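Here's the structure, in structure tokens; my notes come after.
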């Protein structure tokens, strides 16, 4: 849930130009509510495309329902029809999602198939008014291609929490007002960090007591005679 919260926050921030507005207000400039100076893009009622529909992708879909968004998803594994109906989502091809979405939020696992799955060809399929959000893994996006697409006006903006070569970031991204950047904050909420600490303690205690750790990923090492 923490990562989905951040992804949705990035979407709102870049669409409504919140970071730009904050900087402007702190500088002493106040154009007022009737000005079009920082007019952004609406989020409510738009189409959200979710790439990778696991736990975080589904959490993102639940948040989108509160904004009356149409939600499309792309994933190698389709949800049962009953679950799709409950979440109010529709499975489409990756290419169809790129072409129809006003916002695209990335949530796939990083592997050889998903590395650079967002590159020049994919950006060319997106709406020029679309925004890209990434809280998954940096190398899913070809950052140089993203910079070029943003520079040429082929995307409206991006919200990024992860980077291809983090902590290094493409320098051009640092200068773009239509890009909101955060330093890999996906799980950075105190409640989640406390739960993560408890998981570590529970696993250490199990090993000390010669029990199977509750989160063991290689249980064979605890088999008799191992």
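The values are calculated or read from the model by the stated rules, or taken from the named source; none is laboratory data. All values derive from a computational prediction rather than experimental measurement. In this analysis, Cβ positions are derived from the backbone assuming ideal geometry, glycine residues included, and neighbour counts consider all displayed protein chains.
General remarks:
- Search result, residues across segment 140-151 that are more than 22 Å from residue 12 (Cα to Cα) and buried (at least 19 other Cβ atoms within 10 Å of the Cβ): 142
- Of all residues making up segment 15-55, the number that are more than 30 Å from residue 83 (Cβ to Cβ) and part of a helix (DSSP H, G or I): 9
- Unique residue being out of contact with any strand residue (DSSP E or B) (no Cβ under 8 Å at 6 or more places or on another chain) and either in contact (Cβ under 8 Å) with a residue 12 or more places away in the chain or within 18 Å of residue 48 (Cα to Cα) (or both) when the list is 75, 83: 83
- Boolean, residue 161 is touching a residue at least 40 places away in the same chain (Cβ under 8 Å) and buried (at least 17 other Cβ atoms within 10 Å of the Cβ): yes
- If you filter segment 176-198 down to residues that are out of contact with any helix residue (DSSP H, G or I) (no Cβ under 9 Å at 6 or more places or on another chain) and at pLDDT 80 or above, you find that the one that is farthest from residue 4 (Cα to Cα) is 197.
- Residues being within 13 Å of residue 48 (Cβ to Cβ) and exposed (fewer than 13 other Cβ atoms within 10 Å of the Cβ) - total across segment 91-129: 0
- Residue list for segment 139-149, restricted to those being in a helix (DSSP H, G or I) and in contact with a helix residue (DSSP H, G or I) (Cβ under 8 Å, 6 or more places away or on another chain): 143, 145, 146, 147, 148, 149
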